[in-house]
Amino acid sequence: PPSDGSERRQVIKSKIMAIGKMARVFSILREESERVMELKSVTGDGKLPYGTLALGAEGIKRAITSFEEARRSDLENERLPPTRKEVDDVERSKAIKEAIQEVDDDQALQEVAEVFIKDDERRKSLKEAVNVNL
């Protein structure tokens, strides 16, 4: 009976299709459960905000994103103020940069520095000449 073989094939095919559909349903349920658990952990108190489940999958995704953004901004707002040493280091660094810039902009000071450098070079070459002749 060829019809028995085709019927059997159809039954097996239907079972395989049903298993595939069930696997997809369980996969979606698992993903949704994970999202709910993530949202509960993000809120901090382990509870879902009122009405979140009614918003569906996309509403839960949006809620997770908005909570994460709020948490990031809270971290910035809740950080500790700088220590006195950190403030002093920043002020010292700023003062040094300003002093260097001031020196770089002062032409008269640049000329004096060049005279000292040339004088120092002249002294070194004289010392070397004296040491060579000894």
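Observations, loosely collected:
- Descending semi-axes in whole angstrom, ellipsoid equivalent of the stretch 84-133, from the Cα gyration tensor: 37, 16, 4
- When only alpha carbons of the chain are considered, Rg and Dmax amount to 38.8, 123 Å.
- Restricting the stretch 15-105 to chymotrypsin sites (Phe, Trp or Tyr not before Pro) in coil, as DSSP defines it, with at most 14 other Cβ within 10 Å: Tyr50
- Dividing the helix sum by the residues of the chain, where each DSSP H run of 4 or more adds -39500 (n - 2.57), gives a mean residue ellipticity at 222 nm of -30500 deg cm²/dmol.
- Distance between the pseudo-spin-label points of Gln10 and Ile96 (7 Å out from Cα toward the beta carbon): 8.7 nm.
- Of the trypsin sites (Lys or Arg not before Pro) in the stretch 44-134, the ones in a loop by DSSP (not H, G, I, E or B) with at most 10 other beta carbons within 10 Å are Lys47, Arg79.
- Net dipole in debye of the chain [+1 Lys, Arg Cβ; -1 Asp, Glu Cβ; about Cα centre; nearest 20]: 1620
- Cα centroid of the stretch 68-132 to Cα centroid of the stretch 1-48, whole Å: 66
- Residue-span extension gain [Ala18 to Asp88] - 0.36 nm each, minus C-alpha spacing: 18.1 nm
- Unit Cα scatterers, Debye sum, the stretch 1-74: log10 I(q)/I(0) for q = 0.15, 0.19, 0.20, 0.21 Å⁻¹: -0.61, -0.79, -0.84, -0.89
- Residue among Thr52, Gln107, Pro82 farthest towards the positive dipole end of the chain, charges placed on Cβ: Thr52
- Reachable aspartates and glutamates, given that their alpha-carbon falls under 15 Å from the alpha-carbon of Lys47 and they are not under 8 places away in the same chain: Glu34, Glu38
None of the figures in this text is laboratory data; all of them are computed from the coordinates on show. Please read all numbers here as calculations on a predicted model, not as lab measurements. Positions of Cβ are generated from backbone atoms using ideal geometry, with glycine treated the same way; all protein chains shown enter the neighbour counts.
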